[in-house]
Amino acid sequence: GGLCVCCSLASDIPDEIIYSIYFLHKGYNKTFTVSLERTEYHQLKEVAFINLDYYVAAYLPGQFLHLLNIQHPDLLCYSLFLTGEDARIDVLQNCSIRSPLLSTVLDCRVGSMYAVSISDSALLQFLQNSKQDSERLAALHCALLYFRHTEDLEMQIIWWVSENLSTCHSFDPIQEFIVASLYCRMCPETHNLHKLLPYTSLLDWIGIIPGVTCATDIISLPVLEFQNSKGFWEKLNSNLESVKYAEPHLHYHNNVLRREWRNLSEESILIGLLLCSLGDFCLFTNQRVERTTTAYLRNIFENAKNSLLPSLVLRYLNSVEERLVPLFQEEDYQQQLLMGLMVAQLKDHLMRHLQYVGKPKIDQIVLDYVANLLNLVHRIMKEVWRRYQLHSCIFCFDERGSAGEFAVFHIMSRILEAANGMCMPLPPGFHTLHLGLGVRCLPLHTLLHYIDTGVLHLTETCVRTLLRDLDDTEKNEKLKLSIVMRLPEALGQKVQQFWDHPINANVIARKYVKLLLEKLGHRQCNRPIPERLSVPVEFLPLNYLTNMLAEIENQGVHPYEKQDRVNVRFVEETALKHTVTLLGLKYS
C-alpha cells in the first residue's frame, strides 16, 4: 500500500548529491542532501532508485546506498545509509542502472537484468561491526522486519543484543527487539493491524546521519476515484484514510496502562492481592473493601489466569528444550494482574479501530500478542542460558555464582529495566530466578541495596528456599535476618515459619505485638486476663503487655490467623527466652 515518487535533483556544488522521495501514502516528502567524501568526475552523479518492497534504495554506484523504510519513514533511524564496501552491489559498480520491476535492476550499459535483494548474512555482519546507534537501530529493524524469522537468525540477534546492552546509548536494544519482533509476528494476522500496534519503543529521534541532511515538507494527499478497489489500490486507499485521521495516534501506547498500574501500586492494592488466594479474591485498601475495583480486577485477573497462562505453561511442560530455564513454574499474582491489565487496555484500543473483524477475533489477537511477548522474554532467557551453559541448580545458596551466572544476572537486570520502561509483564518465575542469581552472585550489601531500590523482588518461592535450606552459620544468619526484616507483611506471614530460629521468633513476636497495638489505638485494658503460662511469671512489664494483647485478641483481632502458634502465648514465651539468653541464664 505504499506509493513513492523518487527523483534526483541537480546541485550546484560538485561534492553534493540531492534527491527527493515523495511518500504519497504518508502525505509528505523528504529531500536528502549527501556530502560525498570524494568526487571523481568520471563517475556518475545521478542517483538510481530500486524498489525492494519494504524499502526504496537510493543508489549512487561507488558512493552510497540509502535504504529508506517505506512503512515507517518518519524516523530516519529506521533508514540505513551505507557507504564504502557496505554500499557495494556486486557487479553494479560505476554503471547506469534502472529498476523496472520489484527487486530487479537493469544495467543500461550492457542490457543485463539482475535480481537484487538484501543479504541477511551481510546485514548481520554490518550489525555486529557498526558503532553508531543510527546504524545499529536501522540494521536491527531491517533484520527483524524484512527477513523471514528463523530460529538461527533470531538466535544471532539475541546474542548481539546481549553483548551490546551497554554500548547503545540512544535506545534500549531489548525494548526494540521485543517491540519489532511482536510487530513482525502479529501484523500478518489481520488487515490494518500494522497501523495499530507499536513498531518501536522510541517516541522521537534526535540523532543524525553523518554527512546527510534531511528536509521534510508536507504535500497534498492524492485523490483516488474508483469503486470496489482490491489489492494494492485498496491498501493505498486505506493508508490515505489513516493519514487523514492522524496516523501516529492510531498506534497503541502504554500511557493508560502505565497510569492505571501506577495507581494500583500507590493504593497498595497489590499487597492485598498477594494476601488472597485464587478462590477468595478480595482486595483491601485503607481498611475498607473497594467493591467496584475488586470486581474490575477480578475480571482482568481471571482473564490472564484462565485464558493466557494455561497455553504457555502447557507448552513449557511439554518441551524439554523450553524447560531449560526454570520459568512458568510458579504463580506470580502481580505479573498476572499486569498481563490482565495489558489485555484489557489493548482490547479496548483495537475495538475502537477494528470493530469490523469481530470481538472473538480481537480477543484472540490480544491474547496472541501478550503470549508472544512472554515467549520472546523466555526466548531471550533460553538463549543466554544456553550460551553461558547454566544449569537449573540456581537455588543452591551454599555456593557462589560463576562468571556466567553473573553475566546472566546482569542481562536479567536489563530485561527488568526494559520491562519497567514499557510497563510490560514478565513470565511467572522471572523475579524468583533473578533473586536466586542475585543471592549467589552479589555480596550482601549490594544484594540488600538492590532489594531496597526495587531491582530485586522478594518472592515466596526464593525466600522460602533460602530460609529452609541454608544452615544457620553466622554469615547465613545475617543474610536471613536481613531478608526477613525486608519482607512485606503478607509475604512474611507465609514464609517466616520455615526458619526455626530464636532470631526469627523475636522478629515474628515484635511484628505481632506491633500489629495488635496498632489495633488497640487509645483503648485501655479494664478487666483482668487469666494467666497463659502454667507457671505464673512475676514480671510486671511483661504481665501488663500480655494482658493488654490478650484483651485485643478476645475482641476478635488476630493478624496471624493462618498461623495458630503465633498468639499472645508465643509472644510471652519468646520474650522470656530472649531475656534469659541476654542474662546468660538457661531457659527450662
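The values are calculated or read from the model by the stated rules, or taken from the named source; none is laboratory data. Because the structure is predicted, anything quoted here is derived from the model rather than measured. Note: ideal-geometry Cβ built from the backbone for every residue, glycine included; neighbour counts use all protein chains shown. Heads up: the accessible areas ignore ligands, DNA and RNA and are worked out on the full protein's heavy atoms, side chains in. Shrake-Rupley method; radii C 1.70, N 1.55, O 1.52, S 1.80 Å.
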- Quick one: length gained pulling ASP472 to TYR28 fully straight, 0.36 nm per residue minus the C-alpha distance? 152.9 nm
- Message: With bins 10 Å wide starting at 0, give me the P(r) of the range 1-92 over every alpha carbon pair, in whole percents.
- Response: 16, 52, 28, 5
- Query: What do the square roots of 5 times the Cα gyration tensor eigenvalues come to for the range 118-206, in whole Å, largest first, as semi-axes of the equivalent ellipsoid?
  - Reply: 21, 16, 11
- Message: Apply the Karplus curve 6.51 cos²θ - 1.76 cosθ + 1.60, θ = phi - 60°, to the phi angles in the range 231-243 and return the couplings in whole Hz, x for Gly and Pro.
- Response: x, 4, 5, 5, 5, 4, 4, 5, 5, 5, 5, 5, 4
- Item | Listed peptides 50-61, 5-16, 480-491 by packing density, highest first (mean Cβ within 10 Å) | 50-61, 480-491, 5-16
- With contacts defined as alpha carbon pairs under 8 Å and 6 or more residues apart, what's the relative contact order of the range 118-206 in percent? 24 percent
- Task: Leaving ligands, DNA and RNA out of it, work out the accessible area of ILE158 with a 1.4 Å probe and give it in Å² to the nearest 10.
- Result: 0 Å²
- Mind listing which trypsin sites (Lys or Arg not before Pro) in the range 62-132 are in a DSSP loop and have 13 or fewer other Cβ atoms within 10 Å? ARG109, LYS131
- Message: Beyond a 29 Å Cα-Cα separation, which of these cross-linked pairs lie in this structure: LYS230/LYS361; LYS195/LYS359; LYS382/LYS475; LYS480/LYS577?
- Response: LYS382/LYS475
- Calculated from backbone phi, Karplus (6.51, -1.76, 1.60) coupling profile of the range 158-164 in Hz, x at Gly/Pro: 4, 4, 5, 4, 5, 8, 10
